[in-house]
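> Before I ask anything, here is the structure I am working with.
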Amino acid sequence: MKPKRTADSALAKKLNRAVVIDCIEKYGALSRADIARLTMLSPSTVSSIVAELVDLGIVLESKGTAASSGGRRPILLDLNASASCAAVVDVQVSRVLYGVVDLAGKPIWTAKEEVDLSSPEATFHQVFQIVAKTLARLPRTGAPAAGIGVSIPGIVDTNTGTVIKSTRLKWKELPLANRLEQEFSLPVYVDRDVRAAAWGERLYGLARSADDFVYVMVGKGGLGAGLILGGRSYVGARMQAGELGHMTVDIHGKECSCGNTGCLVTLTYPAIDEVRRYNEKDPIIDCAAIGILNLMNLLDPELVVLGGDIGQEPAFVEQVEKVVQERTFLTPRKNVRLVASQLGEIGIVLGLAGLVFDKFYWKRAFGNVG
Ligand SMILES: [Zn+2]
């Protein structure tokens, strides 16, 4: 029995450490007492984990400005932003957004350029060049980059970093992580854009305290959902969860590019972009709203965050909210929350950096167990 107990306590320590890091990452500038209260861990457990994180240089202590109830200024804890950074690239049909994000989730710098969609090879070559450019501009101080993150619109196997299929980038079975790792000798994490965006909202956006929520991206390229369930990014058994655009809403409807008929995208695209431009109330937005409503009725999320260049438009949010409020099955209706992302597109690269840190930095800092 003894070895088992040792393994259990090592696992408990690892989980508690993850909970403390998650708490500091989410709220920042907290005292030990705040962390104990927020995580419901004992003050002694928090103290010993914090001591270890301070020793490792991952957490920094500073004197707070507000007096505590006892009159002394509390010592506040924050992630050491320069302990690591991530190079991140988000590829969309409208642009490529890239940059470097520090461990505390602050973009050190970002840049944007038009995407080259002239051929699948050209797009890949551009991503390759952008990664090289980004790595050349890593900060000279602080620890080396934890890794490279790339997000794309399409189906991605996040375990291997292979793009299974991206209709918009015309990529199929592309071992993107392997190709980039071979060239740049850094670990590479590849994910779907909506999942990175959802993770950004959970770490730094309006879904910060939500363990169950849905991020819906409505952009020029289509409509997709990132699902955070039980505090984790839900990818599904085949990494294909969140295909909101291909939800069938009219079995006798128009043929879709996926081969089915009556998918939500066939009822909303390309006309939805015109609606945005003219800012009109339109039945096309109602169709998109019905898709979002169906997802809400199915999953009962705490909130839905709407993002993407169309999804964030106030007129779009307002009309979707109206449809949802009229038709939702969830009660009480006043608790059904639907909000526009405040982070906007930067949320994608912040979430992507968070995923890179989760996958590479924390494991390297602590090893797999204990
Ligand atoms: Zn379809």
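The values are calculated or read from the model by the stated rules, or taken from the named source; none is laboratory data. Since we're looking at a predicted model, the values are computed, not measured. Positions of Cβ are generated from backbone atoms using ideal geometry, with glycine treated the same way; all protein chains shown enter the neighbour counts.
> From (1) in the same structural domain as Pro301 (by TED's automatic domain parsing); (2) surrounded by fewer than 17 Cβ atoms within 10 Å (Cβ to Cβ); (3) modelled with pLDDT of 95 or more, pick out the condition that doesn't hold for Tyr215.
(2)
> Condition first: under 17 Å from Gly236 (Cα atoms) and without any contact (Cβ under 8 Å) to a residue 40 or more places away in the chain. Now tell me which residues in the range 160-178 satisfy that.
Thr160, Gly161, Thr162, Val163, Lys165
> Tally time: how many residues in the range 232-270 are farther than 18 Å from Leu298 by Cβ and near the ligand (Cβ under 8 Å from one of its atoms)?
Here the count works out to 7.
> Only residues that are surrounded by 21 or more Cβ atoms within 10 Å (Cβ to Cβ) and within 12 Å of Tyr98 (Cβ to Cβ): list them for the range 131-165, please.
Passing the criteria: Val131, Thr134, Ile148, Gly149, Val150, Ser151.
> With the condition kept exactly as written, say whether any residue in the range 78-94 is surrounded by fewer than 21 Cβ atoms within 10 Å (Cβ to Cβ), outside the structural domain of Gly221 (by TED's automatic domain parsing) and over 18 Å from Leu60 (Cα atoms).
Yes, the range 78-94 contains a residue that is surrounded by fewer than 21 Cβ atoms within 10 Å (Cβ to Cβ), outside the structural domain of Gly221 (by TED's automatic domain parsing) and over 18 Å from Leu60 (Cα atoms).
> Out of everything in the range 283-292 that is away from the ligand (no atom under 16 Å from the Cβ) and within 14 Å of Gly311 (Cα to Cα), what residue ends up being modelled with the lowest pLDDT?
The qualifying residue modelled with the lowest pLDDT is Ile284.
> Let me ask something else. Looking for something modelled with pLDDT under 90 and either surrounded by 13 or more Cβ atoms within 10 Å (Cβ to Cβ) or not aliphatic (A, V, I, L, M) (or both) - is there at least one such residue anywhere in the range 96-104? Even if it seems obvious, please write down each step before you answer.
Looking only at the range 96-104, we keep the residues that are modelled with pLDDT under 90, and these are 104.
Subset that is either surrounded by 13 or more Cβ atoms within 10 Å (Cβ to Cβ) or not aliphatic (A, V, I, L, M) (or both): 104.
The answer is yes, given that some residue of the range 96-104 is modelled with pLDDT under 90 and either surrounded by 13 or more Cβ atoms within 10 Å (Cβ to Cβ) or not aliphatic (A, V, I, L, M) (or both).
> Write out, first by first residue and then by second, each pair whose Cβ atoms fall under 6 Å of each other, whose residues are 6+ apart or on separate chains, and whose first residue, in the range 245-265, is in the same structural domain as Gly221 (by TED's automatic domain parsing) while the second is assigned to a loop (DSSP other than H, G, I, E, B) and near the ligand (Cβ under 7 Å from one of its atoms).
His246/Cys258; Cys263/Cys256
> Further question: Taking Glu326 and the conditions (1) within 24 Å of the chain's Cα centre (by Cα); (2) surrounded by fewer than 22 Cβ atoms within 10 Å (Cβ to Cβ); (3) of a type outside the set (Val, Ile, Thr), which numbered condition does it fall short on, given that it satisfies the others?
Against the list (1) within 24 Å of the chain's Cα centre (by Cα); (2) surrounded by fewer than 22 Cβ atoms within 10 Å (Cβ to Cβ); (3) of a type outside the set (Val, Ile, Thr), Glu326 comes up short only on (1).
> Search the range 4-62 for residues being aliphatic (A, V, I, L, M) and in a strand (DSSP E or B), and hand back the single one that is surrounded by the most Cβ atoms within 10 Å (Cβ to Cβ).
Leu30
> Is there a residue being within 16 Å of the ligand (Cβ to nearest atom), closer than 22 Å to Asp157 by Cβ, in contact (Cβ under 8 Å) with a residue 24 or more places away in the chain and touching a helix residue (DSSP H, G or I) at 6+ places or on another chain (Cβ under 9 Å) anywhere in the range 197-205?
Among the residues of the range 197-205, not one is within 16 Å of the ligand (Cβ to nearest atom), closer than 22 Å to Asp157 by Cβ, in contact (Cβ under 8 Å) with a residue 24 or more places away in the chain and touching a helix residue (DSSP H, G or I) at 6+ places or on another chain (Cβ under 9 Å), which makes the answer no.
> Residue under question is Ser233, and the condition is that it be polar (S, T, N, Q) and within 19 Å of Ile108 (Cβ to Cβ); does it hold?
no
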